[in-house]
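Read-outs throughout are calculated quantities, based only on the coordinates presented, and are distinct from any laboratory measurement. All values reported here derive from a predicted model rather than from experimental measurement. Using ideal geometry, Cβ is built from the backbone for each residue, glycine included, and neighbour counts are taken over all protein chains shown.
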Amino acid sequence: MDLDHCTEETLPLFGQHTRMWRGITVYPITKLSVERAANIVQQYGVDHLLINSSADWGVSDPLSVPRVVRELERRSVPRDQIEQLVFLNPLEFYSQSPRFTFKK
């Protein structure tokens, strides 16, 4: 199960030890800035956390995920945690589907 569009206000409702996947979507103007997303990652860690960028209604920035990576690097978040967040977690999440394949 996935809980998407979490923010600082909603993420604590699901607990840090949930086995549910929690998603945060960066909407740079209306919902969740790069800085706020980085704050969430630093506060709650990367376990079962997914991050994505918006590309739909309103002001969107499809490059938000790399911008969050850059912000986390600026804050000296360890590289393995960043890799977990933006590569390994999505890989594990999508691998739950028997129709998903990943080729190196």
**Message:** Residue pairs, Cβ under 9 Å, 6 or more apart or interchain, first in segment 77-104 and touching a residue at least 12 places away in the same chain (Cβ under 8 Å), second loosely packed, with under 15 Cβ neighbours inside 10 Å and hydrophobic (A, V, I, L, M, F, W, C). List them.
**Reply:** none
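Could you check segment 58-69 and list, in sequence order, the residues that are in a helix (DSSP H, G or I) and without any contact (Cβ under 8 Å) to a residue 24 or more places away in the chain? Break it down stepwise before answering.
Start the filter on segment 58-69 by keeping residues that are in a helix (DSSP H, G or I), which leaves 64-69.
If the condition is that a residue be in a helix (DSSP H, G or I) and without any contact (Cβ under 8 Å) to a residue 24 or more places away in the chain, then Pro66, Val69 are the ones that fit.
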**Complete:** Of the residues in segment 48-57 that are out of contact with any Lys or Arg (no Cβ under 9 Å at 6 or more places or on another chain) and either of a type in the set (D, E, K, R) or part of a loop (DSSP other than H, G, I, E, B) (or both), the one that is farthest from Tyr94 (Cα to Cα) is Trp57
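Only one of these is in a helix (DSSP H, G or I) and over 11 Å from the mean Cα position of the chain (by Cα): Gln42, Gln84, Gln96. Name it. Before the answer, list the steps.
On the way: Gln84 fails: over 11 Å from the mean Cα position of the chain (by Cα); Gln96 fails: in a helix (DSSP H, G or I).
After ruling out the rest, the residue left standing is Gln42.
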**segment 7-48, residues that are without any contact (Cβ under 8 Å) to a residue 24 or more places away in the chain, of a type in the set (A, V, I, L, M, F, W, C) and out of contact with any strand residue (DSSP E or B) (no Cβ under 7 Å at 6 or more places or on another chain)** = Leu13
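Hey, any hits in segment 51-74 for a residue that's within 16 Å of Thr10 (Cα to Cα), surrounded by 15 or more Cβ atoms within 10 Å (Cβ to Cβ) and in contact with a strand residue (DSSP E or B) (Cβ under 7 Å, 6 or more places away or on another chain)?
yes
When only residues in segment 7-32 that are among the hydroxyl-bearing types (Ser, Thr, Tyr) and surrounded by fewer than 18 Cβ atoms within 10 Å (Cβ to Cβ) count, which is farthest from the chain's Cα centre (by Cα)?
Step one: list which residues in segment 7-32 are among the hydroxyl-bearing types (Ser, Thr, Tyr), which gives 7, 10, 18, 25, 27, 30.
With the extra rule that they be surrounded by fewer than 18 Cβ atoms within 10 Å (Cβ to Cβ), the set shrinks to 7, 10, 18, 30.
Numbers: Thr7: 11, Thr10: 14, Thr18: 15, Thr30: 17 Å.
Here the answer is Thr30.
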